[in-house]
Amino acid sequence: DRRGCLAKMPMDMANKSCMPMVKAMILLDSEGKRITVKYYSKEWALSVKEQSNFERSLFVKTCRTNARGEPEIIMFDNHVIVYKFVADVFFYVVAGTEENEIALAQVLQALTESTSTLLRNSVEKKSILENLDLVLIAMDEIVDNGIIFETDSAQVASRVTMRGKDEGFGNISDQTLSQAFASAKEQFSKHMLR
């Protein structure tokens with residue numbers, strides 16, 4: 001039981017021994033250029049140059065592999081990396097060597113599947129950049145401050161779109177963010193005027 005484990009030790013020890021931790025989630029394009037990233041580790045927090053060097057090295061190491069169907073797992077630069085390519089986007093989940101590859105593969109699956117759902121199966125660089133807000137919120141729903149929070153892609157997508165899991169995605173996936181806010185404002189106004 002994780003709660004029991006966490007209650008018995010200081011938070012820094014609990015993080016290392018009980019909870020799988022992610023150091024980074026990285027999305028690169030087919031040329032190895034950054035689409036978006038989330039770093040959770042202090043080792044990259046200070047320098048964008050260090051981040052860029054790591055991303056470039058990671059891309060060079062993985063760009064010739066065929067990780068289109070199933071995720072691949074590698075040890076690289078003292079990290080476990082689980083990655084997958086979808087169209088022209090390279091998805092990476094980075095963690096320490098002590099982390100469980102299966103948990104990391106679940107994080108990667110949640111990221112790729114929720115992105116696909118949110119972008120209506122149009123996972124490519126252009127659509128990610130056009131809907132970057134949705135992708136970043138999905139990343140935040142999956143991992144919070146390095147701690148794996150949710151790996152159910154349907155649950156992640158429903159939280160991002162602020163819909164219940166049973167309600168589906170209906171019209172909300174066809175709306176821009178401003179249209180969604182306008183719709184919510186209208187519904188709120190109707191409810192208040194009753």
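The values are calculated or read from the model by the stated rules, or taken from the named source; none is laboratory data. All values reported here derive from a predicted model rather than from experimental measurement. Methodologically, a virtual Cβ is constructed for each residue, glycine included, from the backbone with ideal geometry; neighbour enumeration extends over all protein chains shown. Accessible surface areas use protein heavy atoms only, side chains included; no ligands, DNA or RNA. Shrake-Rupley method; radii C 1.70, N 1.55, O 1.52, S 1.80 Å.
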Query raised in the report: Between Phe149 and residues 5 or more places away or on another chain, which pairs have amide H atoms under 5 Å apart, with H built 1.01 Å from N, and which residues are they?
Result: Val143, Asp144
Query raised in the report: Once you list every other residue whose beta carbon is under 10 Å from the beta carbon of Glu55, what net charge do they have if Lys and Arg are +1 and Asp and Glu are -1?
Result: +2
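Suppose R0 equals 25 Å. What FRET efficiency, 1/(1 + (r/R0)^6) with r the Cβ-Cβ distance, do Thr65 and Arg34 give to the nearest 0.05?
Calculated transfer efficiency: 0.80.
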Report summary line: Going residue by residue through segment 141-149, the Karplus relation 6.51 cos²θ - 1.76 cosθ + 1.60 with θ = phi - 60° gives ³J(HN,Hα) values, rounded to whole Hz and with x marking Gly or Pro, of 6, 7, 10, 10, 6, x, 8, 5, 9
Query raised in the report: In nm, to one decimal, how far is the Ser57 label point from the Ile74 one, both placed 7 Å along Cα→Cβ?
Result: 1.2 nm
Query raised in the report: For segment 60-130, which whole percent of the accessible surface, found with a 1.4 angstrom probe, sits on carbon and sulfur atoms?
Result: 44 percent
Report task. Send over a whole-number figure in Å² for the accessible area per residue of segment 20-69, probe 1.4 Å. Result -> 56 Å²
Query raised in the report: Relative contact order of segment 58-151: what whole-number percent is it, with Cα pairs under 8 angstrom and at least 6 residues apart?
Result: 19 percent
